[in-house]
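What follows is a short report on a single structure.
Since every read-out is calculated from the coordinates, none of them should be taken as a lab result. Note that the structure is predicted; figures quoted are calculated from it, not measured. Here the Cβ is made from the backbone with ideal geometry for all residues, glycine too, and neighbour counts use every protein chain on show.
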Amino acid sequence: MLDGKPFGTAGPYERIVGRAYFAVDPSLPANRIISDIDLAPRNEEGKVEFSADLYVLKPRYPKTGNGTILFEVSNRGGKGMLRMFNLAETSADPRTPTDFGDNLLLEQGFTLLWLGWQFDVPRQPELLRLYAPAVKNLTGLVRSEFVPDRETQSFSLADRTMLVAYPVLDPGDADLKLTVRDRAQGARRTIPRSQWKLSGDRTRVLMETGFEPGKIYEIVYRAQDPVLVGLGPAAVRDLISFLKYGGAPEQDHLPLADQRQHLKRAIGFGSSQSGRFLRTFLYYGFNQDEQNRPVFNGIMAHVAGAGRGSFNHRFAQPSRDGHPFMNTFYPTDIFPFSDLEQTDAETGMSDGLLVRAAKVGVTPKIFYTNSSYEYYGRAASLTHTSLDGRRDMPLAPGTRIYLLAGSQHGPAAFPPPRSGTQNLSNPNDQRWSMRALLLAMHQWLATGREPPPSAYPRIADHALVPLSAVRFPRIPDVAFPTLIKQAYRVDYGPQFRTRGIVSLEPPTLGTAFPVLVPQVDEDGNETAGIRVPDVQVPLATYTGWNLRDPKLGAPDELFSMAGSFLPFARTKAEREKDLDPRPSIRERYNSREAYLQKVAAAAGDLARAGYLLQQDVPGLLERAAHQWDYLTEPR
């Protein structure tokens, strides 16, 4: 790889690309948690077979690595951790120096691992997928939702258009109904059957008069032959277990078998969908392997909010997430939300994400890292508050929570764009802190050294408040949100929680759980969490929310996964002319040098506390200088 270039003490790396093959015994307790496992086709030994695409970057000489597997849960078939931790360009098949960025992960000696776990990813080369069996002739309900951002005459029944959809079983079904509504909680209006039809392959909805931007279209239909989606987390479990503990003697010839004696621990990392996968993985009990041993030693679930996902039930659509105005009411933001057990006084249900893991002693160390967007768009406060929203909840002993203050779901470029949003997108780059936290997690597992303390907004500190209590400044032409993500008590039918069978679509909604958001200072920047120099020494207001451009429709709804970048005026005269209450850049800082000195001091403090790497401080200063030059030029 890269012509044998050595990376620090880890030396050269090599690449393995192939397919991993699995067979699970449905009778084992560890496999009973897989939805519909009893209905799966079996081989002559009575086992269920499946396979998955595999991609590995590992030290050529196993003993030179750091002994840790860094497994990324692939997001819709892709690879993102090199961009996250190496500051690299995104690549589905990293081959060039640019694809590897600054080589942090390789120089640290991690064994980097990806495995396909999702069956419905687009049929494109280099995307990782799961090859799992289906239960033939079994039927059930599927719901497809679509929110157009422009006029169109068709939409796919699959999420994000390119994914693989469950076809409609019977186009002539009298119960087949297409509805439209204005709000997630709004009344559904039925569109006459004469106005729309299905495509020939029964995976698209067509309407000659077109679908209106900013409306929620929904169709519920009956499908057939559900794939065993729960084999995806089982594949992840069994691969990590094989690498850590080994398998049968006849498996010693397999690729990676020589790594086993050198791989002592595993960290599972996932961002967004993949972070929700890890929360779901823990909840169902997949962190216990077939021999009752722990799978992941550490978990880093990033920008997952309070969510789980459709990763282990009949006719699940794994790509479907949950946002205020997109993919609404899928089984994502549903009780339980916190690690430790809580009881919902309204339903009487008691549960927690780590209840199953704690009972059998396989609880990993956990980092939950969220951007500000997850508090507005993914109900993140429920991970650490009581269900009535009145008090802070204690965290599990091995869990840390970090708010990456003033950031959006994934950082925008700089200069930031305005793509479908009312404000510029937020360029506050959370990756600087994520690099430091990854190495802190590794040290926690390898040496026992405690990571930096949790840093998140608390009710007791008045840093976590209802939306109505946020003291956001009155910035001209900037509308503060009035609608945010709500997590509801949702009923998918009596067998959903016990057997993974959805019999109510759309689901029946109960009451919402109270969702809180971070409080802000006089500039509109958040007061709690990991406050990087962009927020501590600001040139702008950085938010976790942004509203939809009126051209898209529904302009008072949040634009999914976007934050706002609201630059300060350059001078006092400019801000007074614009009636901006926030002090200007020149009022705050006497000179470029004075500004950069404050940035350096803030970065140094964060590095000493463990929230940044000392080696990254020069890069932060270079970025700050670029932003100063750009924002102080005449506009």
- request: Any aspartates and glutamates with Cα under 17 Å of the K63 Cα? List them, leaving off those in the same chain fewer than 8 positions away.
  value: E14, E107, D258
task: When you have a sec, figure out the Kirkwood radius of the range 43-185 from all distinct Cα pair distances and drop it here in Å to one decimal?
output: 18.9 Å
- request: For every helix of n ≥ 4 consecutive DSSP H residues, a contribution of -39,500 (n - 2.57) applies; sum these over the chain, divide by its total residues, and give [θ] at 222 nm rounded to the nearest 500 deg cm²/dmol.
  value: -5500 deg cm²/dmol
- line: Between N292 and K47, the FRET efficiency computed from the C-beta separation at R0 = 25 Å comes out, to the nearest 0.05, as 0.85
task: Taking the Cβ of each residue in W545, W444 as the centre, tally the other Cβ atoms inside 10 Å and list the residues starting with the fewest.
output: W444, W545
Partners for K598 among aspartates and glutamates (Cα-Cα distance below 14 Å; same-chain residues under 8 apart left out): D534, E622
- prompt: Of T571, T363, how do they rank once you tally other Cβ atoms within 10 Å and put the fewest first?
  reply: T571, T363
message: Set the bar at 21 Å for Cα to Cα. Now go through K58/K244; K58/K79; K47/K359; K47/K264 and name every pair that lies beyond it.
response: K47/K359; K47/K264
task: Round to the nearest 0.05 the FRET efficiency obtained for T161 and E593 when R0 = 45 Å and r is the Cβ-Cβ distance.
output: 0.35
message: List the residues, sorted by chain then number, that are 5 or more residues from M300 or on another chain and whose placed amide H is less than 5 Å from its amide H.
response: G268, F269, G270, F367
task: Would you work out which of L206, Q185, A223 lies farthest towards the positive end of the dipole of the range 139-224, given +1 charges on the beta-carbon of Lys and Arg and -1 on that of Asp and Glu, about the Cα centre?
output: Q185
message: Taking the Cα centre as origin and putting +1 on Lys and Arg beta-carbons and -1 on Asp and Glu beta-carbons, what dipole magnitude results for the range 249-406, to the nearest 20 debye?
response: 220 debye
query: Considering only DSSP beta bridges whose two residues both sit in the chain, what percent are antiparallel, to the nearest 5?
result: 70 percent
message: So if I place +1 on the C-beta of Lys and Arg and -1 on the C-beta of Asp and Glu, and nothing else carries charge, what would the dipole magnitude of the chain be about its Cα centre? I want it in debye, nearest 20.
response: 240 debye
R0 of 56 Å, Cβ-Cβ distance H462-R95: FRET efficiency to nearest 0.05: 0.65
- prompt: So what are the radius of gyration and Dmax for the Cα set of the range 152-271, in Å?
  reply: 22.8, 65
- request: Could you sort 433-439, 356-362 so that the peptide with the highest average Cβ count within 10 Å comes first and the rest follow in order?
  value: 433-439, 356-362
statement: Karplus ³J(HN,Hα) for the range 163-177 (6.51 cos²θ - 1.76 cosθ + 1.60, θ = phi - 60°; Hz, whole; x = Gly/Pro) runs 6, 7, 9, 6, x, 5, 5, 9, x, x, 4, 5, 8, 5, 9
The range 482-554 - charge dipole about Cα centre, Lys and Arg +1 at Cβ, Asp and Glu -1, debye rounded to 20: 500 debye
task: Compute the length gained on full extension between E346 and Q261: take 0.36 nm times their separation in residues and subtract their Cα-Cα distance, giving the result in nm to one decimal.
output: 25.6 nm
- prompt: If you work out percent of Cα pairs over 50 Å apart from the coordinates, which of (i) 10; (ii) 28; (iii) 19 do you get?
  reply: (i)
task: Give the long-range amide H neighbours of L504: residues separated by 5 or more places, or on another chain, with amide H under 5 Å away, using H modelled in the peptide plane at 1.01 Å from N.
output: G493
- prompt: Stretch E208-E107 to full length: gain in nm at 0.36 nm per residue minus the Cα-Cα span?
  reply: 30.8 nm
message: Could you derive backbone 3J(HN,Hα) for the range 346-361 from the dihedral phi with the Karplus parameters 6.51, -1.76 and 1.60 (θ = phi - 60°), listing whole Hz in sequence and x where the residue is Gly or Pro?
response: 6, 9, x, 6, 10, 5, x, 4, 9, 4, 5, 5, 5, 5, 10, x
task: Report the relative contact order of the range 482-635, percent, no decimals, based on alpha-carbon pairs under 8 angstrom and at least 6 residues apart.
output: 16 percent
field: the range 139-224: relative contact order as a whole-number percent, Cα under 8 Å and 6+ apart
entry: 49 percent
message: Could you sort the peptides 593-599, 378-384 by per-residue average Cβ neighbour count (10 Å cutoff), highest mean leading?
response: 378-384, 593-599
message: Starting from the 7 Å offset along Cα-to-Cβ, what nm value, one decimal, do you get for the label separation of Q185 and A479?
response: 1.9 nm
field: Value of relative contact order over the chain, rounded to a whole percent, pairs C-alpha under 8 Å and six or more apart
entry: 11 percent
query: In what order do K485, K577, K244, K572 fall by count of nearby beta-carbon atoms within 10 Å, going from fewest to most?
result: K577, K572, K244, K485
field: Shape category assigned to the range 481-557 from the gyration tensor of Cα positions, a/c cut at 1.5
entry: prolate
statement: Under the 7 Å Cα-to-Cβ spin-label approximation, K577 and R150 lie apart by a distance in nanometres of 3.5 nm
query: Can you list the HN-Hα couplings for the range 270-275, worked out from phi with the Karplus curve (6.51, -1.76, 1.60; θ = phi - 60°), rounded to whole Hz and with x for Gly and Pro?
result: x, 10, 6, 3, 6, x
statement: Using the Kirkwood formula on alpha carbons, the hydrodynamic radius of the range 272-347 in angstrom works out to 13.5 Å
